[in-house]
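What follows is one structure encoded as structure tokens, with my remarks underneath.
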Amino acid sequence: MKWLTAFALILGSTMAQADGDKFSVPNHPKWKEECGSCHIAYPPQLLTGDNWQRLMGGLDRHFDANAMLDPKDNKEILDFLQRYAGTGGRNSSSSLRITDTPWFSRKHREVSINTWSDPAVKSRSNCTACHVNAERGDWSERGIKMPGGQRAEELEGQSERGSYRRGENREHDRD
Ligand code: HEC
Ligand code: HEC
């Protein structure tokens, strides 16, 4: 059984490190254009296929906006989202918000209330306020710049604690 433990450990740490870039998807210009005009085109992996289906079924009343598409484009984008969708409860939310999923809360539990309400952030949905390289598909810790003048050394400590914490939570990271 020893090899199994070793394998699980290797797998766990590889996945933890790959976290930042595991949201890459093949280029899909229509999705990028239609779903990236008002906000960043959110990675398909961050909601379940069911969530995407419901979201794409209600684009005429999409949060505060009307994001209606013609049926052909809608289907093409839904197919793409579902192909790369996340699975399981951690990526599911009844509000259809990534920011309400258990995954999001866990990843962001060290972000303070003050930071979320910082004028430069405004909304949790505004990923690129902090993930400054996310448009290029880089969600890694190295690509995070906190607004509100949070000092570099604070971030250092944060990412150190982050790695430690992920070590403890490997069990959850894999589900
Ligand atoms: C006309 C503008 C507009 C377009 C186009 C648009 N959205 Fe949105 N979207 C919004 C607004 C506004 C919100 C709410 C943002 C907030 O609460 O800060 C939102 C929120 C979201 C959220 C939830 C974000 C969170 O809080 O976790 C998802 C998921 C989403 N959009 C997906 C899509 C997809 C997929 C498409 C393409 C089919 C799309 N959007 C196109 C305006 C738009
Ligand atoms: C207020 C700034 C801020 C906003 C806005 C924000 N994040 Fe984050 N994000 C962080 C911080 C800080 C971390 C945690 C770093 C740590 O503790 O290791 C993080 C972690 C992550 C990680 C894990 C990175 C890794 O390598 O472990 C991902 C992926 C991520 N966020 C995606 C998103 C998405 C998607 C959105 C928008 C729906 C978003 N974030 C909005 C600050 C932010």
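Among the residues making up region 29-67, those that are more than 9 Å from ligand 1 (Cβ to nearest atom) and part of a loop (DSSP other than H, G, I, E, B) are Ile40, Pro43, Gly57, Gly58. Could you please let me know if Ser117 is away from ligand 1 (no atom under 11 Å from the Cβ), at pLDDT 95 or above and within 29 Å of Arg54 (Cβ to Cβ)? No: the conditions fail for Ser117. Scanning region 70-92 for residues that are farther than 23 Å from His28 by Cβ, touching a residue at least 40 places away in the same chain (Cβ under 8 Å) and not charged (D, E, K, R) yields a single hit, Gly88. Does region 89-129 hold any residues that are in a helix (DSSP H, G or I) and closer than 23 Å to Gly36 by Cβ, and which are they? Asn91, Ile98, Thr99, Asp100, Trp103, Phe104, Lys107, Trp116, Cys127, Thr128, Ala129 - these are the residues of region 89-129 that are in a helix (DSSP H, G or I) and closer than 23 Å to Gly36 by Cβ.
The values are calculated or read from the model by the stated rules, or taken from the named source; none is laboratory data. Keep in mind the model is a prediction, meaning the values are calculated, not measured. Methodologically, a virtual Cβ is constructed for each residue, glycine included, from the backbone with ideal geometry; neighbour enumeration extends over all protein chains shown.
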